[in-house]
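Reading through the structure tokens given below for one structure.
The values are calculated or read from the model by the stated rules, or taken from the named source; none is laboratory data. Since we're looking at a predicted model, the values are computed, not measured. As a convention, Cβ positions derive from the backbone with ideal geometry for all residues, glycine included, and neighbour counts pool all protein chains shown.
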């Protein structure tokens, strides 16, 4: 199957423009995904899969010719390579999604599609790679921000306040705009995965840091809450990317004296702090914006120290 490129008129903010769209099952599947992060992740997976079966990339791949045995071989290759079950199942979901689009485009017959659709997910799970921050690490993280007299100190402190106080994903933080803040109720309207909106209520510390950043540096202009700061403390109203959140945290953590940390660890710390405070798991799940409590349970891990202490009580 060769890719078909068509000139399509696209309406963007009321202005008609012309765009080149590559029409094939892979691109159709990516367009069906609403979250940009999901599109980026699945695009990476599909390009890898295409190369595994001998093509240059996903646009070059003859997806209509893919059959059940091909998918099974790819899964076996992932298993032999030691890939985690979740990673394998994510790739399987991508292949099933592309197969569905190939069927819709009449590039794959119903029998072939149903055979691929019937492939079961790989069972198993792995211990999470992330961790929860210790109270001393959280304190040190905020201290390096408070000790920074530049605009970045206030901005970064606000970022960590939102991550640790509201449990937002980094993509959710960069998408926040000024109109989403309800100061009276101390809440932020957040649009998360699945285009689902929820209220994230701010602890006093989070609200104070966010208010200080806005009042003393950012200003009350419309647009993104967390903005880019160029060299020489040049504050802009340009939004930052989610990768910037990762870089900011890495830099501040190094200044605070630790390096093993990622933005999702702060979200995990938020969840576990709630659980330590006896908050019901259903409430924690809603606060995290999870569609299922099962997802939330991934965040509930007995700390290694507790397990170590429990094992020491055994008499062998």
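Quick look at the values:
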{"item": "Some residue of region 180-187 being within 17 Å of residue 37 (Cβ to Cβ) and in a helix (DSSP H, G or I)", "result": "no"}
{"item": "Residue that is in the same structural domain as residue 159 (by TED's automatic domain parsing) and either touching a residue at least 40 places away in the same chain (Cβ under 8 Å) or farther than 28 Å from residue 147 by Cα (or both), where the choices are 204, 233", "result": "233"}
{"item": "One residue from 173, 88, 162 being farther than 23 Å from residue 210 by Cβ and buried (at least 18 other Cβ atoms within 10 Å of the Cβ)", "result": "88"}
{"item": "Positions within region 286-299 being out of contact with any helix residue (DSSP H, G or I) (no Cβ under 6 Å at 6 or more places or on another chain) and at pLDDT below 90, in sequence order", "result": "291, 292, 294, 295, 297, 298"}
{"item": "Single unsatisfied condition, residue 283 versus (1) loosely packed, with under 13 Cβ neighbours inside 10 Å; (2) modelled with pLDDT of 75 or more; (3) in a loop (DSSP other than H, G, I, E, B)", "result": "(3)"}
{"item": "Condition check for residue 48: surrounded by 11 or more Cβ atoms within 10 Å (Cβ to Cβ), within 16 Å of residue 100 (Cα to Cα) and either in contact with a helix residue (DSSP H, G or I) (Cβ under 6 Å, 6 or more places away or on another chain) or modelled with pLDDT of 85 or more (or both)", "result": "no"}
{"item": "Residue within region 241-256 that is in a loop (DSSP other than H, G, I, E, B) and at pLDDT below 95 present", "result": "yes"}
{"item": "Options 68, 39, 34: the member that is modelled with pLDDT of 95 or more, in contact with a helix residue (DSSP H, G or I) (Cβ under 8 Å, 6 or more places away or on another chain) and surrounded by fewer than 18 Cβ atoms within 10 Å (Cβ to Cβ)", "result": "68"}
